[in-house]
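Since the structure comes first, as structure tokens, the remarks are kept for the end.
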Amino acid sequence: MKKVALYFGSFNPIHIGHLALANYLAEYGGFDEVRFVVSPHNPLKEESDLMEDTFRLEMVSRSIAGYSKFTVSDIEFRLEKPSYTYLTLRRFSEIEPAVQFSVVMGGDNLALFERWRESEWIAKNYRLAVYPRPGSSLEVPKQWKQSVDLYDEAPMLEVSSTFIRNSIKEGKDVRFFLPEPVREMMKEMKF
């Protein structure tokens with residue numbers, strides 16, 4: 001059975017931290033594919049600072065081009081908003097019933113997982129691929145233990161899309177935090 005890690009995010013913008021983690025999961029996590037699922041709007045986050053959906057999708061597409069274990073999905077663009085992970089998972093499973101999907105999440109999200117809509121259903125039907133995040137614990141709550149695969153040796157880069165956006169607004173040169181195609185796109189956009 002094909003194993004696919006679903007890496008949900010706004011990727012606003014995608015950066016080296018996202019790519020390093022995905023690369024680790026593809027090469028060391030036992031996954032056949034890591035699929036970047038670009039989210040139009042995370043219900044637990046503010047929407048105000050989001051770059052346009054198709055622009056973020058294009059940034060991801062250009063960033064992962066040429067690496068066969070990475071793909072990108074715009075499935076949530078066609079689902080009801082705000083997008084809830086359980087609905088996206090149901091749709092993926094309808095389209096690809098023979099695939100074993102895992103949900104990629106940081107330790108910080110695992111701590112909030114009980115707040116997700118249908119978290120128990122997700123944990124019952126899918127694996128949770130949990131990686132370390134700065135300032136968060138990798139202690140797995142008892143109710144999720146049977147569903148969690150810990151990737152505690154995954155690289156932990158303290159970089160965020162918010163940091164990158166703020167740095168660019170402040171006129172900082174953050175070229176080494178971004179893949180070249182993203183830098184070029186943001187330059188063209190005069191971000």
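Throughout, read-outs are computed from the coordinates displayed, never taken from laboratory work. Values in this document were obtained by computation on a predicted structure and should not be read as measured data. Here the Cβ is made from the backbone with ideal geometry for all residues, glycine too, and neighbour counts use every protein chain on show.
Structure above, values below:
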{"read-out": "Tensor-based shape of region 1-88 (alpha-carbon gyration tensor, a/c under 1.5 rounded, otherwise prolate or oblate)", "value": "prolate"}
{"read-out": "For the chain, size of Cβ-based charge dipole, Lys and Arg +1, Asp and Glu -1, in debye", "value": "100 debye"}
{"read-out": "Segment GLU180-TYR24, extension gain: residue separation times 0.36 nm, minus the distance between their alpha carbons", "value": "54.2 nm"}
{"read-out": "Proximal lysines relative to LYS81, as straight alpha-carbon distance under 16 Å, when same-chain residues fewer than 8 apart are discounted", "value": "LYS45"}
{"read-out": "Answer label, with volume of the Cα convex hull per residue in Å³ calculated from the coordinates and candidates (1) 105; (2) 119; (3) 164", "value": "(2)"}
{"read-out": "Calculated [θ] (222 nm, deg cm²/dmol) that DSSP helices of n ≥ 4 give over the chain, each run adding -39,500 (n - 2.57)", "value": "-10500 deg cm²/dmol"}
{"read-out": "Global geometry of region 76-174, whether rounded, prolate or oblate, following the gyration tensor of its Cα atoms and the 1.5 cut on a/c", "value": "oblate"}
{"read-out": "Long-range HN-HN contacts of ARG127 with modeled amide H, under 5 Å", "value": "VAL103"}
{"read-out": "Candidate aspartates and glutamates for bridging to LYS142, where Cα separation is under 14 Å - those fewer than 8 sequence places away on the same chain excluded", "value": "GLU114, GLU120"}
{"read-out": "Hz values of 3J(HN,Hα) by residue in region 105-110 - Karplus curve (6.51, -1.76, 1.60), Gly and Pro given as x", "value": "8, x, x, 5, 6, 4"}
{"read-out": "Karplus 3J(HN,Hα) series, Hz, for region 23-37 with 6.51 cos²θ - 1.76 cosθ + 1.60 (x for Gly, Pro)", "value": "4, 4, 5, 5, 8, 10, x, x, 9, 7, 8, 10, 10, 7, 9"}
